[in-house]
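Asker: Below you'll find the structure I mean.
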Amino acid sequence: MAKPIPHLYAVVLAGGSGTRFWPLSRELYPKQLLKVLSDRTLIQRTVERIKPVIPVDHVLVITAASHAESLRFQLDGPGGLPKENIFVEPVGKNTAAAIGLAAEAVRRRDPDGIMLVMPSDHIIPDDAKFLRAVTLAVQVAENGYLLTFGIPATRPETGYGYIRAAGRAALKSQGTLKALAVSRFVEKPDLATAKRYLKTGLFYWNSGIFVWRAETILKEMSKSLPTLARGLASLRNALGTEGEAKAMATFYRHAESISIDHGVLQKTTRAAVIPAPFRWSDVGNWSSLDEVADKDREGNVRIGPVVDLGSRDSILYGEQRLIATIGLRDMVVVDTADATLVCPKDRAQEVKQMVELLRRQKAPEQLIHKTVQRPWGSYTVLEEGPRYKVKRVMVKPGGRLSLQFHHKRSEHWVVTTGVARVTCNDRVFDLQVNESVTIPQGTAHRLENRGTVPVNIIETQCGDYVGEDDIVRLADDYGRTGEPSAISTNTSTS
């Protein structure tokens with residue numbers, strides 16, 4: 001059984017934009033927040049995977065402002081991630097800046113700190129094998145190497161960067177696991193080059209998972225990225241102080257936007273690779289589910305309410321509605337409450353272009369789902385039109401919304417299940433099933449569930465403006481007060 005590894009910290013990179021896994025992912029609900037092949041979200045699984053070797057207070061998350069609130073909700077709770085361990089980038093500047101920030105934070109806490117750097121949205125079904133590889137990687141990193149996990153190439157893939165091993169002689173081994181010196185990191189190749197790489201047996205896909213000492217990566221940055229390193233040095237003393245936010249803003253305003261691969265790994269002479277013994281997928285697009293998902297006898301991945309006749313080698317995903325397919329070959333079909341994707345598997349990479357087209361058209365379907373998860377429960381937009389919006393709001397037992405008011409709309413609530421505790425200005429009262437209340441514009445109000453079963457209400461909003469950013473929070477259990485920023489527009493309800 002895996003045991004905690006001294007000085008080891010996890011750094012989870014969680015700044016994804018939610019474009020390649022649409023329509024399940026959205027701009028404000030990227031892939032790491034989704035449940036894919038599990039009842040836990042990808043970022044929850046990422047944190048849980050390393051718990052046997054890294055205590056939760058040694059887990060740092062680097063994310064974007066637009067995702068920070070949702071991440072806090074998912075990683076909060078008893079035994080959850082401390083709030084100060086979530087670092088919010090003012091603006092994305094690629095992985096070198098994020099990893100540099102994390103390295104300074106780790107070194108500040110532990111001068112001997114070692115970093116396990118992981119994307120938040122990968123699928124690794126084999127936890128035990130992954131942790132064994134991490135244990136060997138730490139031993140290699142202690143000797144001053146920059147260690148990465150290489151995925152044995154099984155096809156001439158053009159969507160990944162590659163790592164070429166310098167040979168098959170081990171720098172260090174542990175059972176069948178070996179750490180090899182790296183000859184070079186290479187860019188995503190064309191098809192002919194990828195086929196050549198595959199034949200040599202010395203090339204591995206770059207997983208984007210790294211292990212190194214915080215001190216080592218900062219020294220390498222000072223050689224390869226001196227301007228970025230000087231900015232990190234200026235930021236160092238502000239971390240953990242009241243001046244942290246201002247120092248972060250200054251650092252990111254001037255930081256170079258470059259990946260850790262381009263900025264450091266392609267230039268270092270201290271890189272090493274462990275050929276991964278575990279199954280892995282970056283879930284880069286829908287067709288990549290082939291690598292990790294269970295399949296039926298015809299090679300189909302079927303998730304959700306799917307009925308099929310005679311399809312082969314297809315990805316079939318249904319969220320709520322029944323999906324019926326007949327005779328498909330190598331296709332992707334994904335259905336959500338408000339959008340459906342149909343494409344050939346070999347064109348799944350083009351979903352990113354489709355999302356960009358929807359963004360230019362200002363389509364809400366690229367931004368957010370109809371059902372939005374909140375710390376107290378969820379809400380679903382049922383219908384919306386000029387001057388009105390209808391929602392179904394679910395409050396879980398023990399949950400309550402913020403005490404709030406709206407400048408431009410009134411609300412009418414009808415209880416459909418449970419007993420709702422309602423605050424309306426100075427009045428506090430309970431509503432039973434089939435009972436209702438009207439909340440006038442400008443009235444301070446709150447909805448709460450003190451029972452043991454979920455409370456569901458139908459909420460009808462009416463007014464000159466029914467946008468989600470018309471909300472002023474007066475008190476909140478989750479640290480959100482005042483009017484929402486532009487970043488939280490469309491996600492700020494209650």
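The values are calculated or read from the model by the stated rules, or taken from the named source; none is laboratory data. Worth saying up front: this structure is predicted, and the values here are computed from it rather than measured. Don't worry about glycine lacking a Cβ; one is built from the backbone with ideal geometry, like all the others, and counts go over all protein chains shown. Ligands, DNA and RNA are stripped out before the accessible areas are found, and what is left, the full protein with its side chains, is counted by its heavy atoms. Shrake-Rupley method; radii C 1.70, N 1.55, O 1.52, S 1.80 Å.
Asker: Under unit Cβ charges (Lys, Arg +1; Asp, Glu -1), what dipole magnitude, rounded to 20 debye, does the range 79-232 have relative to its Cα centre?
Answerer: 560 debye
Asker: Moving to a separate point now. Which one, Ala165, Gly80, Val11, is farthest towards the positive end of the dipole of the chain when Lys and Arg carry +1 and Asp and Glu -1 on their Cβ?
Answerer: Ala165
Asker: Okay, next question. Only Lys, Arg, Asp and Glu count, each charged at its Cβ (+1, +1, -1, -1), so figure out the dipole size of the range 325-381 about its Cα centre, rounded to 20 debye.
Answerer: 180 debye
Asker: Under the 0.36 nm per residue contour assumption, what length would be gained going from the current alpha-carbon distance of Ser222 and Val342 to full extension? Don't skip to the answer; put the middle values down first.
Answerer: On the way: separation 120, 0.36 × 120 = 43.20 nm, distance 4.73 nm.
Full extension from Ser222 to Val342 adds 38.5 nm.
Asker: I would also like to ask the following. May I ask you to evaluate 6.51 cos²θ - 1.76 cosθ + 1.60, the Karplus curve with θ = phi - 60°, for each residue of the range 389-399 and list the ³J(HN,Hα) values in order in whole Hz, giving x for glycine and proline?
Answerer: Running phi through 6.51 cos²θ - 1.76 cosθ + 1.60 with θ = phi - 60° gives 8, 10, 10, 9, 10, 10, 10, 6, x, x, x Hz.
Asker: Using the eigenvalues of the Cα gyration tensor, what equivalent ellipsoid semi-axes result for the range 249-314 when each is taken as the square root of five times the eigenvalue, whole Å, largest first?
Answerer: Taking √(5λ) for each Cα gyration eigenvalue gives 41, 19, 9 Å.
Asker: Any idea how far apart Gln320 and Glu384 come out in nm if each label point goes 7 Å out from Cα toward Cβ?
Answerer: Placing both labels 7 Å along Cα→Cβ, they lie 1.5 nm apart.
Asker: Moving on. First check a/c for the range 292-414, with a ≥ b ≥ c the square roots of the eigenvalues of its C-alpha gyration tensor; if it is under 1.5, answer rounded, and if not, answer prolate when a/b is larger than b/c or oblate otherwise.
Answerer: Details: a/c = 2.85, a/b = 1.92, b/c = 1.49.
Taking the square roots of the gyration eigenvalues as a ≥ b ≥ c, the range 292-414 is prolate.
Asker: Can you tell me the accessible area per residue over the chain, all protein chains present, probe 1.4 angstrom, in square angstrom?
Answerer: On a per-residue basis, the chain sits at 45 Å².
Asker: How much solvent-accessible surface does Phe73 expose, in Å² to the nearest 10, with a 1.4 Å probe and all protein chains in place?
Answerer: Per-residue accessible area (Phe73): approximately 50 Å².
Asker: Share of antiparallel DSSP beta bridges in the chain, in percent to the nearest 5?
Answerer: 70 percent
Asker: Something else about it: Just name one of Ser259, Ser314, Asn237: the one whose Cα is farthest towards the positive end of the charge dipole of the range 196-322 (beta-carbon charges, Lys/Arg +1, Asp/Glu -1).
Answerer: Of the candidates, Asn237 comes out farthest on the positive side.
Asker: Contact order normalised by length for the chain, with contacts defined as Cα pairs under 8 Å and 6 or more residues apart; what percent is it?
Answerer: 13 percent
Asker: Can you compute the charge dipole magnitude of the chain about its Cα centre, using +1 on each Lys and Arg Cβ and -1 on each Asp and Glu Cβ, nothing else charged? Give it in debye, rounded to the nearest 20.
Answerer: 1400 debye
Asker: Let me ask something additional. Return the loop-located chymotrypsin sites (Phe, Trp or Tyr not before Pro) in the range 392-481 (DSSP other than H, G, I, E, B) with at most 13 other Cβ atoms within 10 Å of their own Cβ; answer none if there are none.
Answerer: Tyr465
Asker: Using a cut-off of 30 Å between alpha-carbon atoms, which lysines can reach Lys362, once sequence neighbours fewer than 8 places away in the same chain are excluded?
Answerer: Counting by Cα, and skipping residues close in sequence, Lys362 has these lysines nearby: Lys31, Lys35, Lys93, Lys345, Lys352, Lys370, Lys389, Lys391, Lys408.
Asker: May I ask you to derive the FRET efficiency for Arg108 and Thr438 from their Cβ-Cβ distance with R0 = 45 Å, giving the value to the nearest 0.05?
Answerer: The computed FRET efficiency comes out at 0.25.
Asker: Something else: Over the chain, what percent of the accessible surface lies on carbon and sulfur atoms, probe 1.4 Å?
Answerer: In the chain, the share of accessible area belonging to carbon and sulfur is 51 percent.
Asker: For the chain, return all DSSP H helices satisfying: extent of Cα atoms along own axis at least 27 Å; mean Kyte-Doolittle hydropathy at least 1.6.
Answerer: Sorted by number, there is nothing, because no helix extends far enough and scores high enough.
Asker: Classify the range 367-415 as rounded, prolate or oblate, taking a ≥ b ≥ c as the square roots of the eigenvalues of its Cα gyration tensor: rounded when a/c is under 1.5, otherwise prolate if a/b is larger than b/c and oblate if not.
Answerer: Oblate.
Asker: Per residue, what volume in Å³ does the convex hull of the Cα atoms of the chain enclose?
Answerer: Cα convex hull per residue, to the nearest whole number: 166 Å³.
Asker: Another question about this same structure. Enumerate the calculated ³J(HN,Hα) couplings along the range 283-296 in order (Karplus 6.51 cos²θ - 1.76 cosθ + 1.60, θ = phi - 60°), each rounded to whole Hz, writing x wherever the residue is Gly or Pro.
Answerer: 6, x, 7, 5, 5, 6, 4, 3, 6, 10, 8, 5, 10, 7
Asker: Name the residues whose placed amide hydrogens come within less than 5 Å of the amide hydrogen of Gly150, ignoring near sequence neighbours (fewer than 5 apart) on the same chain.
Answerer: It is Ile274, Ala276, by chain and number.
Asker: Measuring from centroid to centroid over Cα atoms, what is the spacing of the range 195-222 and the range 360-407 in Å?
Answerer: With the range 195-222 and the range 360-407 each reduced to a Cα centre, they are spaced 43 Å.
Asker: Do any trypsin sites (Lys or Arg not before Pro) in the range 374-407 lie in a loop, going by DSSP, with at most 16 other beta-carbon atoms within 10 Å of their beta carbon, and if so which?
Answerer: Qualifying residues, ordered by number: Arg387.
Asker: Taking θ as phi - 60°, what are the ³J(HN,Hα) couplings along the range 184-189 by the Karplus curve (6.51, -1.76, 1.60), each to the nearest whole Hz, with x for Gly and Pro?
Answerer: For the range 184-189, the Karplus curve yields 6, 9, 10, 5, 4, x Hz.
Asker: To continue, here is another question. Given H placed on each backbone N at 1.01 Å, which residues far from Ile114 in sequence or on other chains put an amide H within less than 5 Å of it?
Answerer: Distant-sequence amide H within range of Ile114: Leu8, Tyr9, Ala214.
Asker: For the range 1-86, build the charge dipole from Cβ charges (+1 Lys, Arg; -1 Asp, Glu) around the Cα centre, then report which of Pro52, Leu71, Leu37 sits farthest towards its positive end.
Answerer: The residue sitting most towards the positive pole is Leu37.
Asker: Further question on the same structure: Rounded if a/c is under 1.5, else prolate if a/b is larger than b/c, else oblate: which is the range 288-337, with a ≥ b ≥ c the root eigenvalues of its Cα gyration tensor?
Answerer: oblate
Asker: Arrange the peptides 315-326, 363-374 so that the one whose residues have, on average, the most other Cβ atoms within 10 Å appears first.
Answerer: Most protected by this proxy first, the peptides run 363-374, 315-326.
Asker: Also, I was wondering about something else. With r defined as the distance between the Cβ atoms of His254 and Glu187 and R0 fixed at 30 Å, what FRET efficiency is calculated, to the nearest 0.05?
Answerer: So, using R0 = 30 Å, E works out to roughly 0.65.
Asker: Also, quick follow-up: Relative contact order (percent) for the range 200-353, with alpha-carbon contacts under 8 angstrom and 6 or more residues of separation?
Answerer: Averaging sequence separation for qualifying contacts and normalising by length gives 12 percent for the range 200-353.
Asker: Once amide H atoms are placed 1.01 Å from N in the peptide plane, what residues at a sequence separation of 5 or more from Lys172, or on another chain, have their amide H within under 5 Å of its amide H?
Answerer: Those lying under 5 Å, H to H, from Lys172 are Ala179.
Asker: For Leu309, what accessible surface area do you get with a 1.4 Å probe? Give it in Å², rounded to 10.
Answerer: 120 Å²
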